[in-house]
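Peer 1: After the structure tokens below, expect a handful of questions from me.
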Amino acid sequence: MQAAVRITQSTDGEPLAFRVAGPAGGTPLLTVHGLVSSVQHWRYFTPRYTSERPVVSWEYRGHGGQPPPRDHRTASVAQFAEDAYAVWAASGVGPAVVAGLSFGVQVALELWRQHPAAVRGLVLMCGTPGHPLDRLSSAPALRRAAAAAVRAVGARSSLARPLLSTLGSPTGRKLAREIAYLTGGARRGACPREVLEDLFAHVAALDPQLLAEVTASYLEHTAIDVLPTITVPTLIIAGDRDQLTPVAIAERMHREIPGSRLVVFSGHSHLVQVERPDDVHGEIDRFLAEHGL
């Protein structure tokens, strides 16, 4: 039976929905999901680990069917890290292994920066520590221009809403799937179709300004300076066909996080955790056992 939804408040008074499932005892896990995504990307992870330990799962503000925040500008990596801490504190569990996926890697790293006492370990999957456009160009002007363009589109509901509504049509979803396959965002034949269908439906339902602010924050934020400061056990997982966050990014994190471990899944994409869940969970199991977590 699914755990009941609980509500807490962040530092700025925004409501945050979360669940705590699993038996007491054992090091808890705190999930942090991807960009404009939802807890659905943990559909295999959560039931696997709630059989043995507490798992705290939650949605970013304005995500998962929640109303958008009063101020769209609060939808940022730094604020999401504060929200993660508020959820963790309200859950009543001890220091947690924080599992971040994609954009959630930035949030997990920012949580370590802001509230290290809440973090007992890190599992960083298919993400970047920051400035994702740097693989194209590290010019600050490019980041500023891209973020400004995203915000401009989000502010024009007459343009943004029709774009999002295309994800509600079979043709729009088919095009989005093909883009995901071509960019290494998902592997054709390996990524369950319902994972992508749920993602597209979730994105289509998001408030355009919220979506724009989150995306702009993703482009602007960096936690690269945090990497050498990490003193908790850290597991990094990557797919070698992931073009959104290529293996070179995971390798850099591995070099800069003291004592970290890197596992690369051959032939897999940005969504390796739903393409090969048993193998991913096996690596996480080994990591947890190795460090007594």
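Quick note: the coordinates plus some simple rules give every number you see, no bench work behind them. All of these numbers come straight from a predicted model, not from anything done at the bench. With ideal geometry, Cβ positions are generated from the backbone for all residues, glycine too; neighbour counts draw on all protein chains shown.
Peer 1: Pop out the ³J(HN,Hα) list for the stretch 49-57 in order, Karplus 6.51 cos²θ - 1.76 cosθ + 1.60 with θ = phi - 60°, rounded to Hz; leave Gly and Pro as x.
Peer 2: Ordered by residue, 3J(HN,Hα) equals 8, 6, 6, 10, 7, x, 10, 9, 10 Hz.
Peer 1: Whole-Hz ³J(HN,Hα) for each residue in the stretch 226-236, computed from phi via Karplus 6.51 cos²θ - 1.76 cosθ + 1.60 with θ = phi - 60°, x for glycine and proline: what do you get?
Peer 2: With coefficients 6.51, -1.76 and 1.60, one gets 6, 3, x, 8, 6, 10, 9, x, 9, 10, 10 Hz.
Peer 1: A further question follows. At 222 nm, what helix-only mean residue ellipticity would the chain give, in deg cm²/dmol to the nearest 500, using -39500 (n - 2.57) for each DSSP H run of four or more?
Peer 2: Using -39500 (n - 2.57) per qualifying helix, the result is -13000 deg cm²/dmol.
Peer 1: So, one more: Most exposed first by the Cβ proxy, i.e. fewest other Cβ within 10 Å, how do T183, T74 rank?
Peer 2: Arranged by neighbour count, lowest to highest, T183, T74 become T183, T74.
Peer 1: A follow-up question, please. Subtract the Cα-Cα distance of I7 and D240 from 0.36 nm times their separation in residues, and report this length gain in nm to one decimal.
Peer 2: That pair, I7 and D240, stretches by 80.1 nm at full extension.
Peer 1: Arranged by the count of other C-beta atoms within 10 angstrom, fewest first, what order do C126, C191 take?
Peer 2: In order of increasing Cβ crowding within 10 Å: C191, C126.
Peer 1: Go ahead and set up a Gaussian network model of the chain, Cα springs under 10 Å, then flag whichever of G104, G92, G121 fluctuates most.
Peer 2: The residue with the greatest mean-square fluctuation here is G92.
Peer 1: Pairs of Cα atoms under 8 Å, at least six residues apart: use those to get the relative contact order of the stretch 38-103, whole percent.
Peer 2: Answer for the stretch 38-103 is 28 percent.
Peer 1: Still on this structure, I have one more. Please report the spacing between the Cα centers of the stretch 1-32 and the stretch 153-203 in Å, no decimals.
Peer 2: 28 Å
Peer 1: Could I ask something else about it? Going by how many other Cβ atoms sit within 10 Å of their own, how do V97, V203 line up, fewest first?
Peer 2: Going from least to most buried by this count: V203, V97.
Peer 1: Which residue, R241, R252, R187, tops the fluctuation ranking in a GNM of the chain built on C-alpha contacts under 10 Å?
Peer 2: Comparing R241, R252, R187 in the GNM, the peak value goes to R252.
Peer 1: Work out from phi, with θ = phi - 60° and the Karplus expression 6.51 cos²θ - 1.76 cosθ + 1.60, the ³J(HN,Hα) of each residue of the stretch 7-24, listed in order in whole Hz, and give x for Gly and Pro.
Peer 2: These are the phi-based 3J(HN,Hα) values: 10, 10, 10, 7, 4, 9, x, 6, x, 10, 8, 8, 10, 10, 10, x, x, 5 Hz.
Peer 1: Amide H neighbours of R120 under 5 Å, at least 5 residues apart or on other chains, H built in the peptide plane: list them.
Peer 2: Answer set, sorted by chain and number: A96, V97, V98.
Peer 1: In whole angstrom, how far apart do the alpha carbon centroids of the stretch 40-93 and the stretch 220-293 sit?
Peer 2: Value for the Cα centre distance between the two parts: 20 Å.
Peer 1: Also: Past the 37 angstrom mark, what percentage of all C-alpha to C-alpha distances in the chain do you count?
Peer 2: When every Cα pair of the chain is considered, 7 percent fall beyond 37 Å.
Peer 1: Further question on the same structure: If I take R0 = 35 Å and measure r between the Cβ atoms of R286 and R135 in this structure, what FRET efficiency does the formula 1/(1 + (r/R0)^6) give, to the nearest 0.05?
Peer 2: With a Förster radius of 35 Å, E is 0.75.
Peer 1: Need one number: nm distance between label points at A190 and A145, each 7 Å from Cα along Cα→Cβ, rounded to one decimal.
Peer 2: My value for the distance between the label points is 3.5 nm.
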